[in-house]
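Chemist: One structure, as structure tokens, below. Some questions next.
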Amino acid sequence: MTVTVVDHPLVQHKLSLMRDKTTPSNQFRQLLREISHLLAYEVTRDLPLEMRLVDTPLETQPMPHISGKKLALISILRAGNGLLDGILELIPSARVGFVGLYRDEDTLQPVQYYYKVPQAIDQRPVIVVDPMLATGNSSCAAIDLLKKSGAQNILFLCLLAAPEGVAVMQDRHPDVPIVTAAIDNKLNENGYIIPGLGDAGDRMYGTA
Ligand code: URA
């Protein structure tokens with residue numbers, strides 16, 4: 001299973017601004033949106049193309065179009081929505097699903113409260129989005145549910161990953177590639193990524 005770190009200077013610069021604790025929520029969301037576009041560009045580079053005829057004003061020629069069933073973007077609520085919004089701007093025809101999981105603060109285990117995914121998920125490329133791959137528990141639980149629904153071609157996209165989360169994902173879902181903007185040093189005892197950026201949902205929505 002592959003782990004890809006998107007080390008593009010624009011991604012890295014914007015991520016550093018997001019990490020800064022003085023960056024307010026509105027700028028944090030805007031930066032997340034901008035990074036989402038760049039990450040979406042990366043994760044879709046292998047989508048299959050097919051040739052279809054296009055009438056230009058001058059001639060009819062076969063031209064490349066994305067083929068197959070439309071992508072499914074699955075947001076792990078609530079922080080996943082920040083990545084989702086930006087990606088949808090780039091891929092507006094994608095189908096969208098949501099997995100609602102909250103982290104029990106004592107056990108750090110995910111608890112499911114919502115699940116709704118597009119039809120024919122087994123025939124779609126699926127991109128699961130969550131800005132933070134921390135313990136890996138929520139991400140793995142979400143992917144467990146998606147596989148139970150038949151999803152076969154799954155990629156996990158995040159902004160920041162902890163080495164511990166990457167290891168858990170590699171162990172439980174070795175078939176799922178991970179794409180991230182950075183792999184940080186470690187998790188702290190509360191399950192936060194260090195140095196990280198804090199609680200992504202709180203930073204996005206100003207709920208800290
Ligand atoms: N979730 C977050 O939002 N931040 C972390 O550092 C870990 C999990």
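Chemist: Look at region 182-208 and say how many of its residues are assigned to a loop (DSSP other than H, G, I, E, B), at pLDDT 95 or above and more than 9 Å from the ligand (Cβ to nearest atom).
Modeler: 2
Chemist: Among the numbered criteria (1) part of a loop (DSSP other than H, G, I, E, B); (2) under 16 Å from V129 (Cβ atoms), which single criterion is violated by V11?
Modeler: Every condition holds for V11 apart from (1).
Chemist: Please work out which one of (1) under 14 Å from Y41 (Cα atoms); (2) touching a Gly at 6+ places or on another chain (Cβ under 8 Å); (3) among the charged types (D, E, K, R) is the condition R103 fails and give its number.
Modeler: Unmet condition: (1).
Chemist: So T22 ticks every box in (1) more than 17 Å from Y205 (Cα to Cα); (2) at pLDDT 95 or above; (3) of a type in the set (V, I, T) but one. Which box is left unticked?
Modeler: Result: T22 passes all but (1).
Chemist: Could you tell me which numbered condition A161 fails, if it satisfies all but one of (1) more than 14 Å from the ligand (Cβ to nearest atom); (2) touching a strand residue (DSSP E or B) at 6+ places or on another chain (Cβ under 9 Å); (3) among the hydrophobic types (A, V, I, L, M, F, W, C)?
Modeler: Evaluating A161 over (1) more than 14 Å from the ligand (Cβ to nearest atom); (2) touching a strand residue (DSSP E or B) at 6+ places or on another chain (Cβ under 9 Å); (3) among the hydrophobic types (A, V, I, L, M, F, W, C) leaves (1) as the failure.
Chemist: Restricting to region 110-140, what's the tally of residues that are surrounded by 14 or more Cβ atoms within 10 Å (Cβ to Cβ) and within 16 Å of the ligand (Cβ to nearest atom)?
Modeler: 14
Chemist: Looking at region 180-207, which of the residues that are buried (at least 19 other Cβ atoms within 10 Å of the Cβ) and hydrophobic (A, V, I, L, M, F, W, C) is farthest from the chain's Cα centre (by Cα)?
Modeler: Looking at residues that are buried (at least 19 other Cβ atoms within 10 Å of the Cβ) and hydrophobic (A, V, I, L, M, F, W, C), I get L187.
Chemist: Now a separate question. Residue under question is A151, and the condition is that it be away from the ligand (no atom under 15 Å from the Cβ), of a type outside the set (K, R) and touching an Asp or Glu at 6+ places or on another chain (Cβ under 7 Å); does it hold?
Modeler: In short, yes.
The values are calculated or read from the model by the stated rules, or taken from the named source; none is laboratory data. This one's a predicted model, so the numbers in the text were calculated from it and none came from an experiment. Because the Cβ atoms are built from the backbone with ideal geometry, glycine has one as well, and the counts that use them run over all protein chains shown.
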